[in-house]
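Trainee: Input: one structure, supplied below.
The values are calculated or read from the model by the stated rules, or taken from the named source; none is laboratory data. Worth saying up front: this structure is predicted, and the values here are computed from it rather than measured. Glycine gets a Cβ as well: all are built from the backbone with ideal geometry, and neighbour counts include every protein chain shown.
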């Protein structure tokens, strides 16, 4: 059995504190989340929402941990409830899975509202969670702070000089993706191509197919892919064991189909590169001011981990690198994930109040 000292310490902390809260869960679910005012609100692609099975996995674990939990299937439903009821904010916490909308700051609505109402919640604050949505901005910021990232430029056919892209990527393989959506949304193998003089037409076609006005064009790192969870506990950061993605098909990226069909497995990386990934992920969490937890995704080439995506509220369903790490590698019950995240959240609020 593999043990992780910090996880065991956090679970001990969870046992020591009085978990006697009403837990409010906010989660967007397929065929369940009400599409309020569709004429005014641009809702997220349902591929981003939990399926019935995925949500059942999560809620069974949360009920097992905390007993009572009230579920809200949309951000607006939760906000209306809080505004219409006199709740005791010291006796409730929010477990936030919300992800509706398509704007850059779509995941920041609940954190900003909870901060306004002084309600404790899991995950980073509104500023950080918005920053984590914009791959281009945080990639450039991290690059300036010594983090290895793929070469990246934005393409917008109205404002971008194609020559700048050609100078940067000529005869190299690139990947073009949404700059703000989840990494797999709208992604296919067509998004990876060799950049040439005629690639401007190809990029314009991708803009149309992906229903967007701009694309993030990145150097394609053809290496192994891994995900690593970083926790903030009592104000300090801890990087857990990195988990490699094992693709079941020749597709070497988590595109839309691969994600929806779970066409990948996992294994924990146990080689000298492990400590490099952990130290890099910890540094990124510190630079960005992550609260409670986040998952960092890397491609590894020639012994160098290149950060290419960050999940501020990562999936913790059964088929996820986080669940694999906890249940298959640490041999802990699945619900331990939720105990750890809530314990981290409460420890960080206590740490802030002490300082």
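Trainee: Taking the stated definitions as given, is residue 162 surrounded by 15 or more Cβ atoms within 10 Å (Cβ to Cβ) and not assigned by TED's automatic domain parsing to the domain that holds residue 346?
Mentor: Judged against the criteria, residue 162 is not a match.
Trainee: Let me ask something else. Return the total of residues in the range 327-355 being within 20 Å of residue 4 (Cα to Cα) and free of Cβ contacts under 8 Å to residues at least 24 places away in the same chain.
Mentor: So the count comes out to 2.
Trainee: Oh, and also: Hey, can you tell me all the residues within the range 142-170 that are within 21 Å of residue 286 (Cβ to Cβ) and part of a helix (DSSP H, G or I)?
Mentor: Passing the criteria: 142, 143, 144.
Trainee: Out of the range 183-214, which residues are within 22 Å of residue 310 (Cα to Cα), touching a strand residue (DSSP E or B) at 6+ places or on another chain (Cβ under 7 Å) and assigned to a helix (DSSP H, G or I)?
Mentor: Of everything in the range 183-214, just one residue is within 22 Å of residue 310 (Cα to Cα), touching a strand residue (DSSP E or B) at 6+ places or on another chain (Cβ under 7 Å) and assigned to a helix (DSSP H, G or I), namely 191.
Trainee: May I ask you to say which residue of 343, 350, 285 is modelled with pLDDT under 95 and within 17 Å of residue 237 (Cβ to Cβ)?
Mentor: Exactly one of 343, 350, 285 is modelled with pLDDT under 95 and within 17 Å of residue 237 (Cβ to Cβ), namely 350.
Trainee: In this structure, is residue 109 touching a residue at least 12 places away in the same chain (Cβ under 8 Å) and farther than 30 Å from residue 81 by Cβ?
Mentor: No; evaluated as a whole, the condition is false for this residue.
Trainee: So how many residues does the range 121-145 have that are farther than 16 Å from residue 230 by Cα and either free of Cβ contacts under 8 Å to residues at least 12 places away in the same chain or touching a strand residue (DSSP E or B) at 6+ places or on another chain (Cβ under 8 Å) (or both)?
Mentor: Total meeting the criteria: 10.
Trainee: Also, quick follow-up: Looking at the range 92-117 only, could you name the residues that are under 19 Å from residue 337 (Cβ atoms) and either outside the structural domain of residue 314 (by TED's automatic domain parsing) or in a strand (DSSP E or B) (or both)?
Mentor: Within the range 92-117, 93, 94, 95, 96 meet the criteria.
Trainee: Exactly one of (1) within 20 Å of the chain's Cα centre (by Cα); (2) closer than 25 Å to residue 178 by Cβ; (3) buried (at least 19 other Cβ atoms within 10 Å of the Cβ) is unmet by residue 240. Its number?
Mentor: That leaves (2) as the condition not met.
Trainee: Inspect the range 312-324 for any residue being under 28 Å from residue 252 (Cα atoms), in contact with a strand residue (DSSP E or B) (Cβ under 6 Å, 6 or more places away or on another chain) and modelled with pLDDT under 95 and give the result as yes or no.
Mentor: Yes, there is a match, as at least one residue in the range 312-324 is under 28 Å from residue 252 (Cα atoms), in contact with a strand residue (DSSP E or B) (Cβ under 6 Å, 6 or more places away or on another chain) and modelled with pLDDT under 95.
Trainee: Follow-up question, since we're still on this one. For residue 101, which of the numbered conditions (1) out of contact with any strand residue (DSSP E or B) (no Cβ under 8 Å at 6 or more places or on another chain); (2) at pLDDT 95 or above; (3) at positive phi fails to hold?
Mentor: The single condition residue 101 does not satisfy is (2).
Trainee: Look at the range 285-297 and say how many of its residues are in contact with a helix residue (DSSP H, G or I) (Cβ under 6 Å, 6 or more places away or on another chain) and either closer than 21 Å to residue 221 by Cα or crowded, with 24+ Cβ neighbours inside 10 Å (or both).
Mentor: Residues in the range 285-297 being in contact with a helix residue (DSSP H, G or I) (Cβ under 6 Å, 6 or more places away or on another chain) and either closer than 21 Å to residue 221 by Cα or crowded, with 24+ Cβ neighbours inside 10 Å (or both): 3 in total.
Trainee: Please go through the range 222-236 and pick out each residue that is surrounded by fewer than 18 Cβ atoms within 10 Å (Cβ to Cβ) and in contact with a helix residue (DSSP H, G or I) (Cβ under 7 Å, 6 or more places away or on another chain).
Mentor: 234, 235
Trainee: Hey, another quick one. Could you tell me whether the range 253-264 includes any residue that is farther than 18 Å from residue 138 by Cβ, touching a residue at least 24 places away in the same chain (Cβ under 8 Å) and more than 19 Å from the chain's Cα centre (by Cα)?
Mentor: Looking for residues that are farther than 18 Å from residue 138 by Cβ, touching a residue at least 24 places away in the same chain (Cβ under 8 Å) and more than 19 Å from the chain's Cα centre (by Cα), one finds none in the range 253-264, hence no.
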